[in-house]
Structures are given as structure tokens and as C-alpha cells.
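This report concerns only the one structure given below.
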Amino acid sequence: MSTRRLLVLPLAFATVLLLAPAALAAGSWRWPVVGPILRGFDPPASPYGSGHRGIDIATAFGSEVVAAAPGVVSFAGPVGGALFVSVDHGGGLVSSYSWLSSILVRRGDVVGEGVALALSGGGHPGVSPPHLHFGVRRDGVYVDPLELLAAPSVVGIVRLVPVP
């Protein structure tokens, strides 16, 4: 007679362990909103230096913002009067979604890729058009989110015309 042992882990810990390999795959993350990039990643020279720690993606105010990859919501709330959401994807990767108009998740929620996290807001104050700021940290250091995002779709951008 064989005996089986079941290892029981806290849900958040088990989820992060299961997600780590998939979350690390370059070019596999989903875009959190659909739109052109208004401003790219500009890494700061030092941890407190100036720069742009993510990308700004143009999108209409109130657009659904989805999780770029599966993970656990590590923060959801206001920072300095603006709304932010962060998702821990395991393997040292954390994504952040900034300048939101509404938050749809809570800290500790387990989210899958494409799950609605929030609604977009106006973006960085004084910058038009409305946009989402999307950032990614690897082991606490900001990295270019484009390294992880899948190639954008050209559907809706390219229009094919029949050849006579």
C-alpha cells in the first residue's frame, strides 16, 4: 500500500511558484491596453535619477487595463493622489499600471493574463492624450517593458486592398 503526501502551500506562494517560468519568457506578455506608445523607456542613471521607468501607451480614458501576465496583486490603491496597481509575477518580476481612474482588484487577488485590473485614467499630469503608464521591475530594478511584451498586432492598423 502506497501513501501519498500532499504539500499544501499558501495560495499566493504556490501561485507565484507555478507562474515564475512563464512570467520570465521574453516577448510572451500581453499588452495591458491597445494603443501606440507615446513615450518609451528611459532608464535613470541612478536609482533616484531622472528618467522614464516604463512606457506610456495611448488609450481612451476609462479603457479596461488587463494583467500583462498571471500573478498576484501586490498593491492596489492611491499613491500621491493617483491610483496604481502592481502585480507580482514571480521570478523577481513585478508589473505596475499607473494613472488609473478606477481599480477593479484588491491586494492578494490572484489574476490570470488578460484579467481586468483597472480602468485607465488621464495619464501623467499635463501630458496628452490620455494614456496608461506601464512599468516592469526585475529584482527591484526597472527594465524596458518592451522586452517582455509580445509583438503588437497590426490588426486594425494595416488595411489590405484587393489587387485588381
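Under a crude label model (7 Å from the Cα following the beta-carbon direction), how far is Val127 from Asp139 in nanometres?
If labels sit at Val127 and Asp139, their model points lie 2.8 nm apart.
In terms of the Cα gyration tensor, with a ≥ b ≥ c the square roots of its eigenvalues, is segment 61-164 rounded because a/c is under 1.5, prolate because a/b exceeds b/c, or oblate?
Taking the square roots of the gyration eigenvalues as a ≥ b ≥ c, segment 61-164 is prolate.
Taking neighbour Cβ counts within 10 Å as the exposure measure, how do Leu119, Leu148 sort from fewest upward? If you can, show how the numbers build up before the last one.
Details: Leu119 18, Leu148 22.
Listed from fewest to most nearby Cβ atoms, that is Leu119, Leu148.
Compute the Rg/Rh shape ratio of segment 79-123: radius of gyration over Kirkwood radius, all on alpha-carbon atoms.
For segment 79-123, the value is 0.96.
Please give the length that would be gained between Ser46 and Arg30 if that part of the chain were fully extended, namely 0.36 nm times their separation in residues minus their C-alpha to C-alpha distance (nm, one decimal).
Once the chain is fully extended between Ser46 and Arg30, it gains 2.9 nm.
Spelling out what I want: for every residue of segment 59-75, take phi, set θ = phi - 60°, compute 6.51 cos²θ - 1.76 cosθ + 1.60 (Karplus), and round to whole Hz; glycine and proline get x.
6, 5, 4, x, 5, 5, 9, 10, 5, 6, 7, x, x, 10, 5, 9, 7
In terms of modelled amide H atoms, which long-range or inter-chain residues lie less than 5 Å from the amide H of Leu117?
Val65, Val66, Ala67
I need two numbers for segment 19-123: Rg to one decimal and Dmax as a whole number, Cα atoms only, in Å.
Reported Rg and Dmax, both Å: 13.4, 35.
Read the figures in this text as sums done on the coordinates, not as results from a lab. On a predicted model such as this, the values are computed, not experimentally measured, just so you know. Ideal geometry is used to build each Cβ from the backbone, glycine not excepted, and the neighbour counts take in all protein chains shown.
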